[in-house]
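Enquirer: First the structure, then my questions, so here it is.
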Amino acid sequence: MRVGIIRALTTTDRRLLNSHGRLLRETFGFDVTTRCIQDQPSGVHDAESLQRAVPKVVELALDMAPDVDALVISCAADPGLPEARALLDIPVIGAGSAAAAAALAFGGRVGVLGLKHSVPGPISDALSERMLLIDGPESVETPDGFLMPTGIFDALAAAHMLVDAGADVILEASTGLTSIGMADVLRRRLGIPVIDPVTAAGSMLVSAVASRDLQAIRAQAV
């Protein structure tokens with residue numbers, strides 16, 4: 001399957017740019033193409049940056065759609081998701097809503113690990129009273145903050161605090177954590193399920209395509 005990934009941040013670092021695509025390729029075997037929006041080096045981290053990202057994501061989705069079988073908006077805030085879905089006839093998956101759906105499949109309370117000041121709307125809306133929230137990592141106000149040593153250490157400390165507060169599962173509410181491979185680290189340290197938003201989007205995409213193929217087979221049999 002040809003999958004296009006839209007990164008809702010701006011970077012010229014090819015390793016950083018392709019980190020999410022590499023994860024999906026290694027996990028699901030997708031043929032991945034990744035592109036990023038322009039003029040947002042700190043990504044999406046508040047209402048204003050989310051608003052600015054929406055038309056950029058939609059424009060990029062329209063440009064990429066003819067060459068892929070599906071799209072993943074690799075940002076936990078799902079910028080431009082409903083708009084892109086309304087315009088395209090291929091599956092479009094948002095990392096935030098996919099992660100929330102995956103977390104809800106587990107029982108108990110969901111500890112949300114993200115940026116210092118905010119929880120993305122698709123996650124807070126979906127989890128509702130299941131959400132367990134503490135102050136986010138002190139040093140991380142934008143997704144690129146997780147690339148710094150202080151951001152990594154603060155994220156680890158915040159995850160342990162969520163478990164101490166009663167979290168039964170951890171949801172990474174920033175794809176900046178995907179970029180540093182935090183999910184595997186947390187699973188080893190905490191011993192509880194950890195939801196990576198990009199992997200969750202890949203899993204949902206696999207399910208969506210399987211459902212579509214099954215419907216096509218049933219239609220042919222009628």
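The values are calculated or read from the model by the stated rules, or taken from the named source; none is laboratory data. These numbers come from a predicted model, not from an experiment. In this analysis, Cβ positions are derived from the backbone assuming ideal geometry, glycine residues included, and neighbour counts consider all displayed protein chains. Please note that ligands, DNA and RNA were not included when accessible areas were found on the heavy atoms of the full protein model with its side chains. Shrake-Rupley method; radii C 1.70, N 1.55, O 1.52, S 1.80 Å.
Enquirer: So if R0 is 41 Å, what FRET efficiency would residue 39 and residue 164 give, r being the distance between their Cβ atoms, rounded to the nearest 0.05?
Expert: After rounding, the FRET efficiency stands at 0.55.
Enquirer: I'd like to check one number: the per residue accessible area of the stretch 43-191, probe 1.4 Å, reported in Å² as a whole number.
Expert: With all protein chains present, the stretch 43-191 gives 43 Å² per residue.
Enquirer: Where Lys and Arg each count +1 and Asp and Glu each count -1, what net charge lies around residue 40 among other residues with Cβ under 10 Å from its Cβ?
Expert: Local charge sum for residue 40: +2.
Enquirer: Output needed: percent of Cα pairs per 10 Å distance bin for the stretch 112-178, bins running from 0 to the one holding the longest distance.
Expert: 23, 57, 20, 0
Enquirer: Just to be sure I understand the model, the point goes 7 Å from the Cα along the line to the Cβ. What's the resulting residue 83 to residue 52 distance in nm?
Expert: Label at residue 83, label at residue 52, 1.5 nm between them.
Enquirer: Using only helices, what value at 222 nm comes out for the chain when you add -39,500 (n - 2.57) per DSSP H run of length 4 or more and divide by the total residues, to the nearest 500 deg cm²/dmol?
Expert: -15500 deg cm²/dmol
Enquirer: Starting from the exponent 0.38 and prefactor 2.2 Å, build the expected Rg for the stretch 11-114 from its residue count and divide its actual Cα Rg by it.
Expert: 1.11
Enquirer: Along each of its three principal axes, how wide is the spread of alpha-carbon positions in the stretch 28-83, in whole angstrom units, largest first?
Expert: Reported extents, whole Å, longest axis first: 33, 21, 20.
Enquirer: What value in Å³ per residue do you get for the convex hull of the alpha-carbon atoms in the chain?
Expert: 127
Enquirer: So, one more: Using 0.36 nm per residue, how much length does the chain from residue 208 to residue 184 gain when fully extended, once their Cα-Cα distance is taken away?
Expert: Fully extending the segment from residue 208 to residue 184 adds 6.1 nm.
Enquirer: Given H placed 1.01 Å from N in the peptide plane, which residues other than close sequence neighbours of residue 140 have an amide H under 5 Å from its amide H?
Expert: Those qualifying (amide H under 5 Å, at least 5 residues apart or on another chain) are 116.
Enquirer: Per residue, what volume in Å³ does the Cα convex hull of the stretch 151-213 take up?
Expert: 88
Enquirer: May I ask for the distance between the Cα centers of the stretch 180-196 and the stretch 34-112, given as a whole number of Å?
Expert: 22
Enquirer: Another one. Using a probe of 1.4 angstrom, how much of the accessible area of the chain is carbon and sulfur, in percent?
Expert: The value for the chain is 54 percent carbon and sulfur by accessible area.
Enquirer: Here is a follow-up. Which number comes out as Rg/Rh for the stretch 15-54 once both Rg and the Kirkwood Rh are worked out on C-alpha atoms?
Expert: Here Rg/Rh amounts to 1.09.
Enquirer: Measure nothing fancy, just the Cα-based angle from helix 47-64's long axis to the longest principal axis of the chain, in degrees from 0 to 90, nearest 10.
Expert: 30
Enquirer: Turning to a different aspect of this structure: Just in the stretch 131-212: which GluC sites (Glu not before Pro) are loop by DSSP and have at most 16 other Cβ atoms within 10 Å?
Expert: 138
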